[in-house]
Each structure stands twice: as C-alpha cells, then as structure tokens.
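The values are calculated or read from the model by the stated rules, or taken from the named source; none is laboratory data. Computed from a predicted model, the values in this text were never measured in an experiment. Backbone-built Cβ (ideal geometry, glycine too); neighbour counts: all protein chains shown. Heads up: the accessible areas ignore ligands, DNA and RNA and are worked out on the full protein's heavy atoms, side chains in. Shrake-Rupley method; radii C 1.70, N 1.55, O 1.52, S 1.80 Å.
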Amino acid sequence: MAPTFASAEHGILTDRMIAEMTLAGHILPSAPFAEDQVQPASLDLRLGPIAYRVRASFLPGPGATVERRIKDLHLHTIPLADGAVLETGCVYIVPLMESLSLPADISATANPKSSTGRIDVFTRVIADHSRGFDQVAAGYQGPLYAEISPRTFPVLVRQGSRLSQIRFRRGDTLLDAGQLRALHASERLVDADDADLNDGVAVGVDLSGDFAGGLIGYRAKRHTGLIDVDLRNGYSVGDFWEPMSARADRSLILDPNEFYILASKEAVQVPPDYAAEMVPFDPLVGEFRVHYAGFFDPGFGYAGAGGRGSRAVLEVRSREVPFILEHGQIVGRLVYETMMARPETLYGQGIGSNYQAQGLKLSKHFRSS
C-alpha cells in the first residue's frame, strides 16, 4: 500500500517509503530493483536499453515531451544491452528503466551519483514538459530520461548502469537558519569552531595537504583509456590522474577547462534524521563549478554509522579563464533537510557505501594502491 502521511508531515521519503511507493505503483520500474538500488534517502536510476545521440542539450518545456524533442535532434541510436562507449564532447539521451506516477503532494529531485561526478560525466535527469533539469513536479506521471555528456574520459555503459539518483519529498523540507544552528549545537555538523551557518554549512577547500600526506588533489589527464562505469577497483590512478602536492602559499591555479578532484577543509556529518545536499556558494565569486554530485545520505560521516566526520570531495572545473583558489576559500554550502522518518539503514551501515569516513578519495573505479 502507498505510504500515508498526516497533513502536517513533511520531509524526504525514506528507503522504506520508496519501497512502499513502488508497491503502490507510484514508482514504475521496468524490471525489479537491484538489491542495493534503494538507498537510505534516494533511489538509484538505471539506464534503459537504448541511447540516442543528439545534436544538443535541451529542455522540452511545458508544451513538449522528451520523446518529441529527441526526434527533432536525433543523430543516431545506440543499443546498450551489450554495452556501448559514450564519447567525450557528445550529448546522449537515455530513457531510464524507472518511470513515475507521483501523488499530487510528492515531488522529486535528481542528482548525479558521487561516482559519476568524480569521473566528470555530466548527467542530468529530464522529465516531460519540464522547465528545469533534475526537477520532477509533484503529481508528475510519465517517463524519465538521463542526459549524459562525458567531459574528460570516454565511458562504457550498459543497460542497468546507474549514473543518477532521485529523492522524493513532501512539503517544505529545508532547515531554516535557526533550525540549522540548533542542529549544529546538538550534533556538531562540521568540525570548525567558527562554522559559517548562513544559508547552509559553508564548505571551504583544503589546499594545505595536512591530512593527506602533502597531497591536495588530482588533475585529470587527457587522452586516456575509457572507464567502465560498473567496474570497481579496475584502473590504476596514474593512468588517469596527475597527483598535486601542496604549495608553500597554499593556493592552486585552476587551468581553464581542466577537471580536478579536491577535498573540503572541513569534516562534515549528516545525522540519521536528516539528509543534505551540496549547493553552489555564489556564482559571482569565481569562474569555476564545484560538486556535480550533491546528495549526502543520512549517516554520512556519522560516528554511529561508521564515520568520524567525512570530507566532502569536490569535483571542480574551471571555466574560461585561469582562477586562483586559496586554502579555506568557501566553494559551496551544505544545506540540510528533514527526513520524513529515520531510514531503516544509514549510509555506511553494511550497504556497500563507498565514501564513508572518506578523505581525499577518487571514485570507486580506481584502485587505492
């Protein structure tokens, strides 16, 4: 049966509620879920059997479906059942194996999975008649599509590969400034005595190298081999990444159109009754983009779920001009939302969580030694 809520209840739906939504026909998978597909506060979305190479990215707008726009922009069709390589610099649209028939009071938001963002695969979810990427209106009924554009590495994908995740919410879930300060006072969300909690927990970049043996991050190499998105521990770091050591002045010059993996100066945590999302700090403070993948599940960095405060890994791409980052410079904010209830399983508690208690960490595809 469908989950039922009191009129005043609001929050992010839990793993149990996602399962109940599926049984009630509000989430419509074309095949049964994989064992680990339902996360504590989100659902992984799977690629369907066909990818369409299109001329350009698009939004359908209120008067059109994604299928119609694909017909207008279609270049060729690629079967995914046996796997296919998606090339850098190209745009692909893939119908997903999950479609939706949402209740009138449930909306959804999508984001790339952490492992997707860490290999610089630009991925967004599109719904019919939508005006924005990664946004699904309350009451939406229809299919979902992934827009995929590898930026640095060509990738091998197949039917069932998971590049995106989706969260379901009811009502106003975001903590206001007073609620966030109260939560930090009781749970210490970030290990900084002078934490900036305006509009979310401020996250700065670590360029000291103090907690990673002098290493501050990695810069992606060009003209590498491909990455199989479903292969764990399959690749040597040195074949794809150039390690970067700390400078005496604790700064880093971002080269235009290069891709970097950095880490936050702060260790953060997400208590069990909350979820979080990384959002851009301010587009006016610098010519760079931070953190493709923004969802932090309940229990991330939480001591009771095996964490000791975890660094936020920052996927950074400069734009048109070189830009200097300074140690501690604020690059994003972590906003917190209430859960509808506590999930049955927290992030890091025996569910194959790859990034619990992480420091400076590349994606699951690369061998740690």
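Residues of region 47-66 with the amide nitrogen closer than 14 Å to a label point 7 Å from the Cα of His76, along Cα-to-Cβ, please.
Answer for region 47-66: 51-55.
Hey, how many Å between the Cα centroid of region 89-126 and the Cα centroid of region 182-214?
About 29 Å separates the Cα centre of region 89-126 from the one of region 182-214.
For Ile330 and Ala56, compute 0.36 nm times the residue count separating them, minus their Cα-Cα distance, and round to one decimal in nm.
Separation in residues times 0.36 nm, less the Cα-Cα distance, equals 95.4 nm.
Kindly report the accessible area of the chain per residue (heavy atoms of protein chains, probe 1.4 Å, no ligands, DNA or RNA), in Å².
41 Å²
Between beta-carbons, use under 13 Å as the cut-off and find the net charge around Ser368, counting Lys and Arg +1, Asp and Glu -1.
Residues near Ser368 contribute +4 overall.
Size of the dipole of region 11-170 about the Cα centre, Lys and Arg at +1 and Asp and Glu at -1 on the beta carbon, nothing else charged, in debye to 20?
Dipole of region 11-170, to the nearest 20 debye: 360 debye.
Rounded to two decimals, what ratio of Rg to Rh does region 177-338 give with C-alpha atoms and a Kirkwood Rh?
Rg/Rh: 0.98.
Starting at 0 and stepping by 5 Å, how many percent of the alpha carbon pairs of region 12-162 end up in each bin?
2, 9, 19, 23, 21, 15, 8, 2, 0
If you consider only alpha-carbon coordinates, what radius of gyration and Dmax does the chain have, in Å?
According to the Cα coordinates of the chain, Rg and Dmax are 20.0, 60 Å.
What percent do you get for the relative contact order of region 177-338 when only Cα pairs under 8 Å and 6+ apart count?
32 percent
On alpha-carbon atoms, Rg over Rh for region 96-164 using Kirkwood Rh?
A ratio of 1.00.
Rounded to the nearest 500 deg cm²/dmol, what is the calculated helix-only ellipticity per residue at 222 nm for the chain, with -39500 (n - 2.57) per DSSP H run of length n ≥ 4?
Computed ellipticity for the chain at 222 nm equals -2500 deg cm²/dmol.
How large is the accessible surface of Glu277 in square angstrom, using a 1.4 angstrom probe and rounding to the nearest 10?
Per-residue accessible area (Glu277): approximately 40 Å².
Can you compute the charge dipole magnitude of the chain about its Cα centre, using +1 on each Lys and Arg Cβ and -1 on each Asp and Glu Cβ, nothing else charged? Give it in debye, rounded to the nearest 20.
Approximately 860 debye in magnitude.
Which trypsin sites (Lys or Arg not before Pro) does region 1-90 hold that lie in a coil by DSSP with at most 16 other beta carbons within 10 Å?
Arg55
So which trypsin sites (Lys or Arg not before Pro) in region 87-193 are both in a DSSP loop and have at most 13 other Cβ atoms within 10 Å of their Cβ?
Of the trypsin sites (Lys or Arg not before Pro), the ones in loops of region 87-193 whose Cβ has at most 13 other Cβ atoms within 10 Å are Arg131.
For region 1-106, which GluC sites (Glu not before Pro) are in a loop by DSSP, counting at most 16 other Cβ atoms within 10 Å?
In loop regions of region 1-106 (DSSP not H, G, I, E or B), the sparsely surrounded GluC sites (Glu not before Pro) are Glu9, Glu35, Glu87.
Once you put a point 7 Å from the Cα of Ser368 and another 7 Å from the Cα of Ala104, both along the Cβ direction, what distance in nm separates them?
5.1 nm
Expressed as a rounded percentage, what relative contact order does the chain have, with Cα pairs under 8 Å and six or more residues apart?
Dividing the mean separation by the residue count of the chain yields 20 percent.
Work out the FRET efficiency for Cys90 and Val279 from their Cβ-Cβ distance, taking R0 = 25 Å, and round it to the nearest 0.05.
With R0 = 25 Å, the Cβ-Cβ based efficiency is 0.35.
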